[in-house]
Amino acid sequence: MLVSAKEMLTKAKAGKYAVGQFNINNLEWTKAILLTAQECNSPVILGVSEGAGKYMCGFNTVAGMVNGMLKTLNITVPVALHLDHGSYDAALQAMEDGFSSVMFDGSHYGIEENIEKTKEIIRIANEKGISVEAEVGAIGGEEDGVIGGGEVADPDECKMIADLGVTMLAAGIGNIHGVYPENWQGLNFEVLAKIQEKTGTMPLVLHGGTGIPAEMVKKAITLGVSKVNVNTECQLAFAAATRQYIEAGKDQQGKGFDPRKLLAPGTEAIKATVKEKMELFGSVDKA
Ligand SMILES: [Zn+2]
């Protein structure tokens, strides 16, 4: 059964480790992540962006697939199904369709409107026992044409949003989505420390986990990060393994064109990436 992310993240914050959010795109992705979480005896958060949700035929289809796998694969570790960077309408829809956690990304609104909308999402989520992630300080990405550092959140604004009763808080500390540019300045630990000081036990979320050096991730965890989002890294691993399979001509040998064979190396590559991240985040055997 799907669970909210609240308990797993409260434990992570207290235990000074982080739970990984791994974004899913299809059946192979979902199966690979769930099997690895079970194998590692680790809690896990499955992230679904609005775009990926549409691609997979809607949140209801995604929830159906995930619930089916939990049962058939005998997954007993805590699993949360989480909307990643949801708009207000998408957050309402995901809660309606069986997601156990939502992120409402109101970072592009002014702080007043972000607060009003976040409050309303929290009210509905509380009725259903769903966890809510909010964001302060937009996290940049290639699509926004951001080169260099991402935006840095204002610790006082973080405190205002945290006090609304969100479950976990994403704050920009120079992290960005996608592949980091060469001239990236690194994470702003000074701001992270201030945010933690102001928000106390609130689990903090680090977006854009791909390409942040392991030592920086570990340091961020010691400063209160309890959830790390990983998306691009699984995509790169999947693409590289699939390319290798095809370049080696394996799809043209015997029944190598069978999608169950063609997609297998990519699926295994996702498993290896997820395992590596769970070890880095310290969530192994924390289920
Ligand atoms: Zn993000």
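Readers should treat all values here as calculations from the given coordinates under stated rules, not as data from a laboratory. Note that the coordinates shown come from a computational prediction; the quantities given were computed from them, not determined experimentally. FYI the Cβ positions are ideal-geometry reconstructions off the backbone, even for glycines, and counts take in every protein chain you see.
Structure above, values below:
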read-out: Square roots of 5 times each gyration tensor eigenvalue, C-alpha, region 107-244, largest first, Å; value: 26, 17, 15
read-out: FRET efficiency, N126 to D89 (Cβ-Cβ, R0 22 Å, nearest 0.05); value: 0.70
read-out: Residue pairs, from the table K159/K275; K54/K255; K54/K227; K219/K277, whose Cα atoms sit over 26 Å apart; value: K159/K275; K54/K255
read-out: Degrees between helix 232-247 axis and first principal axis of the chain (Cα, 0 to 90, nearest 10); value: 10 degrees
read-out: From the C-alpha gyration tensor of region 197-287, square roots of 5λ in Å; value: 36, 12, 9
read-out: Kirkwood-based Rg to Rh ratio, region 208-260, C-alpha trace; value: 1.27
read-out: Per residue convex hull volume, Cα atoms of region 158-201, in Å³; value: 75 Å³
read-out: Environment charge at D163 (Cβ cut-off 13 Å; Lys +1, Arg +1, Asp -1, Glu -1); value: +1
read-out: Viscosity 0.692 mPa s, temperature 37 °C, Stokes-Einstein D of region 45-102 from Kirkwood C-alpha radius, µm²/s; value: 290 µm²/s
read-out: Projected label distance in nm at D258 and E182, using a 7 Å step from Cα toward the beta-carbon; value: 4.5 nm
read-out: Size of region 6-281 as Cα extents on the principal axes (Å, biggest first); value: 62, 44, 35
read-out: Order of F59, F257, F189 under a 10 Å beta carbon neighbour criterion, fewest first; value: F257, F189, F59
